[in-house]
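Please treat every number below as a calculation from the coordinates, not as lab data. From a predicted model like this one, the values you see are computed outputs, not experimental measurements. Positions of Cβ are backbone-derived with ideal geometry, glycine not excepted, and every protein chain shown enters the neighbour counts.
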Amino acid sequence: MHGHVRAQEGDITGAGEEGIELATDVKPNTYIEPYRVNVTQKHDIDDEEDEAVWQKQKTYTSRYGNFTWPRREQVAVVEGNITIGGLMMVHERSDSIVCGKVMPQGGIQATEAMLFTLDRINSDPTLKIPGVKLGARIKDDCDRDTYGLEQAVDFVRGSINNIGGSKYECDEESPEVIAGVVGASSSVTSIQVANLLKLFRIPQVSFFSTSPVLSDSNRYPYFMRTIPSDKNQADAMIALVKHFNWTYVSVVYEESSYGQWGFEEVKDRLLQNDICLAMSDKLKKDSGVAAEGAYDDVVKRLKQKSNARGVIVFGSDQEVGELMKAIKRAGMTGHFRWIGSDGWGGRTIVFKDGNQPMVEGAVTVQPFAQPIEGFEDYFLNLTPENNQRNPWFIEYWEDYFRCKYKDSLPTPFNAKYNTSCRGDEMQTKQNGYVAEAQLQYVSDATLAFAVALKRMHQDVCGGNPGLCAEMDPVPGQKLKKYLRESKFTGLSGVPFEFLPNGDGVPSYRILNFRRVPRRPEEFEWVTVGEFRDGELKINNSEIRFTLEETMPMSACSKPCKADEAIIYVSKTKCCWSCVKCYTYQYITANGEECKECPYGTRPSEKKDRCLPIPEEYLRYNSGIAITAMAISTIGIIATSYIIIVFIKYKDTPVVKASGRELSFVLLIGILMCYALTFLLVAKPTDIICGSQRIGVGFCFSICYAAVLTKTNRIARIFRSGKRTAKRPKFISPKSQLIICASVVAVQIIIGAIWLVLRPPKSTYHFPTREENQLVCESAIGPQYIIGFMYPIVLIMVCTFYAFLTRRIPEAFNESKHIGFTMYTTCIIWLAFVPIYFSTANNIEIRLATMCFSISLSGTVLLACMFTPKLYIIILHPERNIRQSMMSGKLTSKTNNSNSARMDSGTQSDAEMEMCERLKTSCSISSGLSTKSTCGTQTLSNGTGTTISTQTLNSIGLQFACEFDDMDVQL
């Protein structure tokens, strides 16, 4: 065959595998003359294994009696004006011969689906081109790429004219022009055929080829497919792995473009999703059919990674069927759980020959497809008698019913059938018929050509009946354009269109191979979910791996317990060991490390995070707080009562003699001491903490400032009386209040500086890992001692003054009460300080100790300073009077006898106090002796302390020489 041929960039050059001799070094857009295509029976095969296959063909197919095998001349023919080629996987591959047994589902049913669709097209005016019949020439590729390529050469013989402008004569009868090709089934065959057909600009639409490499429109410009790419199938398979929570899987794939590219896609997605690949192995295909030993070796390697119970199998049904037999031989039935590709999912050949228990539980991905309307009835009613156009149907019939059909040609397989077919056999679902689930894609591929041709006819030929010159023959380049733009609703009722790269729209259903409920000896493929738009939807209740097991584990190592962290064995993080975390440790988000929970928190039950320990603080309803508040409440009531009494009897001698102003200051301080308890047991806040810090020092400062002022005045009075007759300064009530306020002001300044330098705040204290105490920061360390330091100094000074005034006349025995008060207070505080420091780990006890110590100090002040006065005021009111001054005169040593009577209305409270204390009598029953009854007098208490009238005059008092016999023991 000679002719002018315009070469295209990317055209095949060099020697073809099946004896196609092509010109080499062809430049784009140049004419080649002559262009020779010699098709011979000689096979230039470089691969040694392929050579062995062809040698076996010669050995086994040269003669079986009076026939050769395979019969390359067998073609299913539908006559028409436009012819479409078909390349079907009618026979399975075989290692001993080129073509094996007939394939019922992917072969015969797929062939009949194409023929059925052609019948519908030619009988439907909406699909048929007016005056034009669509025909077909369908050939068998035997699932072998080299053989399929040889068969495809017949499709290009008549297309030489289709790529050049000139006509030429062929050495043999000129075959008809093929407008396009439907097929092939396997990806490896489709790749070889696509490389051939693109040279002759013949569009190709595959229905089962899913290899991602075929998505490259630049490399395969005339290739399209109705089925989605394995790139999307890999997404669905990984979604299943994640759904089952498998982290460690093996992959077995067939040695073909379909398997290898599928494996690459799966491997990439495993890596992206942090799923470990335990091992990968391939099943022999391109180099021939593997022996049993090869499959046994694959199973042995799977057993070495037995923890990887999940196995992804990317292969075709024939290879997977042999793998299942090897599983049975190895005694591993039921151990592995399979995730399968569309190459074997839903197929019967996989579980033939007793393979069902090995396949049981398999979950496979299959492109979503609906049954072709009317096809099942059509197919079940076919017989060898009414189906003469399919040359392989008798083989199928003999294989289906295991009988020898009358007058059938001999094959390597029907010779073993001793039974003759009766002729009245019928296929039924009960006697073994299983429909191929993906026939929709065969029908859509055929229908795509019909739709594209009709649209082209309308555009090019104006829709006129018959073919115009522009479509005789059909230009492949234009047809490709119309094919890519095809949109239609298929015979299955599912809308179809090609993606921009020529792929089918990705949509998958999920199948599960399981036992039939209530009939455990039978098995079936059941749809359990779908994968669409990248989302997996699956019904877990429908999935059955075995009758007992629902969801197996596939991981290198067993999951660690809730309190264990993962220590990975290698960087791949596939295998790990478990390390137990300690009591107060939690496991980090990645599960790889035990970390200590911060203080105040403890690990959750699952040890996945730290939870706060419920905060503790001295609550109002606790026993200690109730006791402390009860004591304080009693003290507040008692103090309030005394204040009321003193207010009521403020003008009586006893109240006046005690120094009213300082007494009220002291009572207010005592009241604050009792009230402080309620602050100390309150829930800590920043304000509460600041109030506590100021309060502990302030209330004591008020109390002991008043006591200090009292003792200081008494000491100064008697010390001054010994030295001078002048009245001491600053002993008036106003002066005493100023002195007291000045003393308290020091504490206020200390507190203010403390607040500025270290602002108060509430915080959490953790005496132990199980405790989380909400406390004031000052309560944790010795900071409260800062607030107590100044009051302690006041206590020490008061005690010192009390000691100095211990020997004054008994009439001034309030100093003795002060002394007793201060001695007792010192004992309380000497006990409090060590208790305070020893309770650093128990803030509740520390605060309770403070409450009791402060209340006790206030109680001592209240009892010692005010109980004697209250005793006289309430129980002995008759003693709460001032004896009238005697009319006698008090004379001086100079015999100046000036009579002076002191009117009570003109005396100051200080003078009144001294008057009341120094009883205007020369004779005192407590032991004072009178040395003279008139003139200058000296009073003695028997201890060496004398008080002269000069002392009395020094404070502005002149007393009569005669006193009442009134005992004023204050």
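Suppose R0 equals 60 Å. What FRET efficiency, 1/(1 + (r/R0)^6) with r the Cβ-Cβ distance, do THR768 and GLN356 give to the nearest 0.05? Efficiency, rounded to the nearest 0.05: 0.40.
Neighbour counts of other Cβ atoms within 10 Å put HIS876, HIS91 in the fewest-to-most order HIS876, HIS91.
Full extension of the chain between ILE785 and ILE748 gives 11.8 nm of extra length, using 0.36 nm per residue less the Cα-Cα distance. For the stretch 118-134, putting each phi into the Karplus relation 6.51 cos²θ - 1.76 cosθ + 1.60 with θ = phi - 60° gives couplings of 4, 4, 5, 5, 6, 9, 10, x, 6, 10, 7, 6, x, x, 10, 10, 8 Hz, in residue order, rounded to whole numbers and with x for Gly and Pro.
Note: the stretch 564-612, Cα convex hull, 64 Å³ per residue.
Sorting TYR584, TYR836, TYR253, TYR222 by the number of Cβ atoms found within 10 Å of their own Cβ, with the fewest placed first, yields TYR584, TYR836, TYR222, TYR253. The mean sequence distance of close C-alpha pairs (under 8 Å, at least 6 residues apart), as a share of the length of the stretch 564-612, puts its relative contact order at 29 percent. For the stretch 522-530, 3J(HN,Hα) computed residue by residue from phi via the Karplus equation (6.51, -1.76, 1.60; θ = phi - 60°) reads 10, 10, 7, 8, 10, 6, 10, x, 8 Hz, glycine and proline entered as x.
Put simply, the amide H of ILE510, placed in the peptide plane, has neighbours under 5 Å in VAL528, GLY529, GLU530, PHE531, leaving out anything fewer than 5 places away on its chain. The charge dipole of the stretch 593-736, taken about its Cα centre with unit charges on the Cβ of Lys, Arg, Asp and Glu (plus for the first two, minus for the last two), comes to roughly 1480 debye.
Under the criterion of Cα pairs below 8 Å and six or more residues apart, the relative contact order for the stretch 623-879 equals 25 percent. For GLY85, the residues whose modelled amide H falls within less than 5 Å of its own, excluding neighbours fewer than 5 places apart on the same chain, are ARG137, ALA179, GLY180, VAL181, VAL182. Too long at a 29 Å Cα-Cα cut-off: which of LYS607/LYS683; LYS328/LYS416; LYS101/LYS537; LYS133/LYS429; LYS133/LYS487? In this structure, LYS607/LYS683; LYS101/LYS537; LYS133/LYS429 exceed 29 Å between Cα atoms.
Arranged from fewest to most other beta-carbon atoms within 10 Å of their beta carbon, LEU708, LEU380 become LEU380, LEU708.
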